[in-house]
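The structure appears below as structure tokens.
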Ligand code: MN
Ligand code: MN
């Protein structure tokens with residue numbers, strides 16, 4: 001526990017002074033854990049329809065809206081995939097070091113790969129195998145490594161760096177991302193997602209976040225434009241992933257609507273689901289997450305997400321000046 005001493009100090013009766021609530025009752029922790037649970041829920045929900053087209057989904061499921069498992073990975077209901085488990089591996093490494101560090105992240109991802117995850121991206125596998133040989137935690141820059149594999153696992157960085165200066169946060173983002181994806185489009189997506197999560201945690205309005213983060217991304221990298229054609233069947237290319245996620249996030253008005261919208265587009269649906277779930281969780285908070293989804297997530301994953309959310313947010317209090 002990071003805050004035991006502080007908690008005792010805070011809950012000890014102090015005459016004439018209001019006692020602030022313990023950290024796990026604070027709105028910030030509520031939103032941080034909603035972001036983490038949203039990531040896991042979107043992953044588990046989307047995995048059922050990963051690689052299907054919207055038409056195939058319609059024929060097989062009508063509207064896909066429940067966590068039922070199955071899919072090409074033949075998952076149990078509530079089971080998650082690499083999007084969630086790589087995030088948890090990264091979060092553990094950050095907590096063990098007290099900060100975001102490339103070598104610690106690379107070792108954690110390598111250990112994760114050795115434990116035979118249910119799925120793994122090609123770029124992740126290739127660059128982790130290179131790391132095993134070289135010991136260098138930074139993959140060589142590559143214009144081809146623009147998949148969504150680094151963007152799907154940014155959440156622990158967003159939480160650990162909450163309240164820190166933007167340039168430090170961006171350096172931390174690149175340290176974790178470049179272990180497997182050293183690419184300017186991947187970087188731009190990772191950084192935008194982290195800053196969006198942090199904005200929502202701070203209670204900023206969705207319209208502001210859209211203008212100052214999502215539209216700023218498009219101004220810098222026009223390929224990310226998401227106001228043109230509806231992005232159905234998004235591939236693992238980070239640009240298509242971001243387009244589907246941003247459309248679903250900004251064209252709906254609840255956590256549930258956002259996730260149902262994004263996963264029914266099919267394609268890389270566990271990853272769009274995970275990223276949209278993270279953003280929508282931070283935006284709408286714990287109370288907005290449907291109980292049927294919270295209940296169906298694997299218990300161990302549920303606990304790990306909640307605990308990491310608390311510990312990573314506590315880390316920001318330690319690191320803050
Ligand atoms: Mn996955
Ligand atoms: Mn995927």
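Quick check: residue separation of residue 111 and residue 142 times 0.36 nm, minus the Cα distance between them. What number comes out in nm?
Working: separation 31, 0.36 × 31 = 11.16 nm, distance 2.39 nm.
Full extension from residue 111 to residue 142 adds 8.8 nm.
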**Report entry** Å³ per residue enclosed by the Cα convex hull of region 107-236
**Finding:** 128 Å³
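Hey, fewest Cβ within 10 Å first, where do 298, 66 land in order? Mind dumping the intermediate values first?
Details: 298 19, 66 14.
Ordered from fewest to most neighbouring Cβ atoms within 10 Å, 298, 66 come out as 66, 298.
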Report summary line: Semi-axes a, b, c in Å (a largest) for region 159-270, each sqrt of 5 times a Cα gyration tensor eigenvalue, come to 22, 18, 13
Query raised in the report: Going by how many other beta carbons lie within 10 Å of each one, how would you line up 279, 28, fewest first?
Result: 28, 279
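Taking Rh as the Kirkwood radius, which is the inverse of the mean 1/r over Cα pairs, what is the Rg/Rh value for region 231-286? Don't jump to the answer; show the numbers that get you there.
Details: Rg = 9.9 Å, Rh = 10.6 Å.
Expressed as Rg/Rh, it is 0.93.
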Query raised in the report: Which residues in region 257-299 place their backbone N less than 19 Å from a point set 7 Å from the Cα of residue 207 along the Cα-to-Cβ direction?
Result: 283-284
Query raised in the report: Considering every Cα-Cα pair within region 47-138, what fraction, in whole percent, is farther apart than 17 Å?
Result: 58 percent
Report task. If a/c stays under 1.5 just call it rounded; otherwise compare a/b with b/c (prolate if a/b is bigger, oblate if not). Do that for region 30-97, with a ≥ b ≥ c from the square roots of the Cα gyration tensor eigenvalues. Result -> prolate
Query raised in the report: Please state the Cα pair-distance histogram of region 272-321 with 5 angstrom bins from zero: what percent is in each bin?
Result: 4, 16, 19, 30, 16, 8, 4, 1, 0
Report summary line: Quick numbers on the chain, Rg and Dmax over C-alpha atoms in Å, give 18.8, 65
Query raised in the report: GNM on the chain, C-alpha springs below 10 Å: top fluctuator among 285, 135, 273?
Result: 135
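Using helices alone, what [θ] at 222 nm do you get for the chain, with -39,500 (n - 2.57) per DSSP H run of 4 or more residues, divided over all residues and rounded to the nearest 500? Could the numbers behind the result be given before it?
Details: 16 runs with 190 residues, N = 321.
Computed ellipticity for the chain at 222 nm equals -18500 deg cm²/dmol.
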**Report entry** Fewest-first sequence of 57, 170 by Cβ atoms within 10 Å of each Cβ
**Finding:** 170, 57
Report summary line: Rounded to whole angstrom, the alpha-carbon centroid of region 146-202 lies from that of region 33-55 at a distance of 20 Å
Query raised in the report: How far is it, in nm, from the label point at residue 97 to the one at residue 294 when both lie 7 Å from their Cα along the line to the Cβ?
Result: 3.4 nm
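Read-outs: derived from the displayed coordinates by stated rules, not from any lab. Predicted, not measured: the structure shown is a model, and the values here were computed from it. Cβ atoms come from the backbone with ideal geometry, glycine included; neighbour counts cover every protein chain shown.
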